[in-house]
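Asker: Structure in structure tokens, see below.
The values are calculated or read from the model by the stated rules, or taken from the named source; none is laboratory data. Remember, predicted model here, so these are calculated numbers, not experimental data. Methodologically, a virtual Cβ is constructed for each residue, glycine included, from the backbone with ideal geometry; neighbour enumeration extends over all protein chains shown.
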Amino acid sequence: MGGRPAVSFEPPRILGWFTRKGTELHLRIACTLLLALPLFACSSAEDRAAKARIFSPEDPPKVLLAAAEKLEPGKAAKDSKVLDRILSISADEARARIGPHVQSTTVEFRWVRDAEDDDGSDREVKLAEDRYVALGAANDFHVRIENDERQGMEWVKIDGVSYARSRYARFRERRRDRGSSEHVVASAYATLEAFNELVHGGMVLTPAGEETFEGRRAIKYELSLGPLRKIETSKALPPVEYPKGGPDLDTALRLAALEEGRPSAVTGTLTLDQETGVPLAADLRATVKVPAGTIALQAPTEAKGTDGPSEDESPADTDERAADGAPSGTAAAEQDEAAAEVAEKPSATGTSEVERLRHGAELELSVRLLLSGIGKDPGLRIPEHIEDAPRPPGVVATLRAYGLEEQKAPAETPSEPEDEE
């Protein structure tokens, strides 16, 4: 019988030729792969480490890490670092520690100058301010600040949307928040931290027993004046950059009061939660004296002439000015002369700008703080408000949306030509 031809399983000739002639090439490839294996292994380990970092769970927020820290309020009288840490508890951290609550604060201050000014202005300035901070679930809050000068503001944030108004205005929706709400609630809640900074930490705590505050165990302390010290803080802030001519007069006065003021009396009581360290109540009073002194005001001037040293300035003085970052030579002389003219220039009241700073002052400050509704829903609600409608594109469309459409000038009536004689 005729059948199909047998299939040959012999390799093709070209493959056999490659097998015979390519032995040396195979050896080279094998050696190269063996040498490259460690490199591939290292790259693979790096890739695995990178994937582990990318797909690892995110770190918890800093406020939760701070709230997880164990505080010991019983050591606040002996350890100043514990006291500073407790007084710096933020609104978000307090909410994470004890749940929703309401903080009500009344701050009163009274400034008194040591002597009358030549202009006959008031020697006394006083103000009372009420602060209401209600912290709800998640990041919801309600802040209201009012003073006895009929000024104030109110801010509500619910479900990530802010609503704000001045004291007598209507609420407006603020969908473009840009972090303002966090700043508002943080500054309104930080009354005790500001008090600690104003007295430069000069407080001594004396245990006054334990008590029950809204069903929570609390430690009560009595405060008295203590030695000044540097306040321990975890805020790493860059130095403040002032304009070229230095801060304005009002800012210079405030900085002098904060830096040069020294407490002469501190009294009151402070109640801390025994479990979490959160301040539950406070009744604090302090007297801070700002000594008389002169604040140097630098007048910004433009350098004129050459930049070389003046006739009565030595090269050593020039190098010292350059090291301090100050202008040298003629520019420095002109700047010093202009600053002297500003210092001696009388104001509208007949008193020079520097003369008015030579009077000392005394600050009388009182703080009354109380927490309520701990662990209870404060019942935050969205207020009646004006919606934050998106702005129409273009300047003209925006003006029309706000009813500021440009009004056309009335057409001029043609005048009749004069009769010619």
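Asker: Name every residue in segment 80-93 that is in a helix (DSSP H, G or I) and not hydrophobic (A, V, I, L, M, F, W, C), in order of residue number.
Answerer: Once the filter is applied, which keeps residues that are in a helix (DSSP H, G or I) and not hydrophobic (A, V, I, L, M, F, W, C), segment 80-93 yields 80, 81, 84, 85, 92, 93.
Asker: I need every pair where a residue in segment 78-93 that is over 14 Å from residue 191 (Cα atoms) has its Cβ under 7 Å from the Cβ of a residue that is part of a helix (DSSP H, G or I) and β-branched (Val, Ile, Thr), sequence separation at least 6 or different chains.
Answerer: Once the first residue is over 14 Å from residue 191 (Cα atoms) and sits in segment 78-93, its partners that are part of a helix (DSSP H, G or I) and β-branched (Val, Ile, Thr) give 92/63; 93/63.
Listed here are the residues, each with its yes/no results for (1) modelled with pLDDT under 90; (2) out of contact with any helix residue (DSSP H, G or I) (no Cβ under 7 Å at 6 or more places or on another chain).
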| site | (1), (2) |
| --- | --- |
| 374 | no, no |
| 378 | no, yes |
| 381 | no, yes |
| 396 | yes, yes |
| 399 | yes, yes |
| 407 | yes, yes |
| 411 | yes, yes |
| 414 | yes, yes |
| 417 | yes, yes |
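Asker: Out of 77, 96, I need the residue that is assigned by TED's automatic domain parsing to the domain that holds residue 198, surrounded by 10 or more Cβ atoms within 10 Å (Cβ to Cβ) and either in a helix (DSSP H, G or I) or at pLDDT 95 or above (or both). Which one?
Answerer: 96
To keep it simple, each residue is scored yes or no on (1) assigned by TED's automatic domain parsing to the domain that holds residue 227; (2) of a type outside the set (Ser, Thr, Tyr); (3) modelled with pLDDT of 75 or more.
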site	(1), (2), (3)
56	no, no, no
87	yes, yes, yes
103	yes, yes, yes
107	yes, yes, yes
113	yes, yes, yes
117	yes, yes, no
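Asker: Let me ask something else. I'd like the residue in segment 251-275 that is in contact (Cβ under 8 Å) with a residue 24 or more places away in the chain and β-branched (Val, Ile, Thr) and, out of all such residues, is farthest from residue 201 (Cα to Cα).
Answerer: Here the residue is 271.
Asker: Sort out which residues of segment 215-235 are touching a strand residue (DSSP E or B) at 6+ places or on another chain (Cβ under 9 Å) and either surrounded by 16 or more Cβ atoms within 10 Å (Cβ to Cβ) or not charged (D, E, K, R) (or both), and write them in order of number.
Answerer: Listed by number, the residues that qualify are 216, 218, 219, 220, 221, 223, 224, 225, 226, 227, 228.
Asker: Test residue 158 against the stated conditions and say whether it is buried (at least 19 other Cβ atoms within 10 Å of the Cβ), on the phi < 0 side of the Ramachandran plot and in contact (Cβ under 8 Å) with a residue 24 or more places away in the chain.
Answerer: The answer is no for residue 158.
For every residue, the table says whether it meets (1) closer than 30 Å to residue 141 by Cα; (2) surrounded by fewer than 19 Cβ atoms within 10 Å (Cβ to Cβ); (3) in the same structural domain as residue 82 (by TED's automatic domain parsing).
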site: 194; (1), (2), (3): yes, yes, yes
site: 201; (1), (2), (3): yes, no, yes
site: 206; (1), (2), (3): no, yes, yes
site: 241; (1), (2), (3): no, yes, yes
site: 262; (1), (2), (3): no, yes, yes
site: 265; (1), (2), (3): no, yes, yes
site: 276; (1), (2), (3): yes, no, yes
site: 285; (1), (2), (3): yes, yes, yes
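Asker: Testing residue 137 on (1) modelled with pLDDT of 95 or more; (2) farther than 28 Å from residue 206 by Cα; (3) of a type in the set (Gly, Ala, Ser), one condition comes back false. Which one is that?
Answerer: (1) is the only condition that residue 137 fails.
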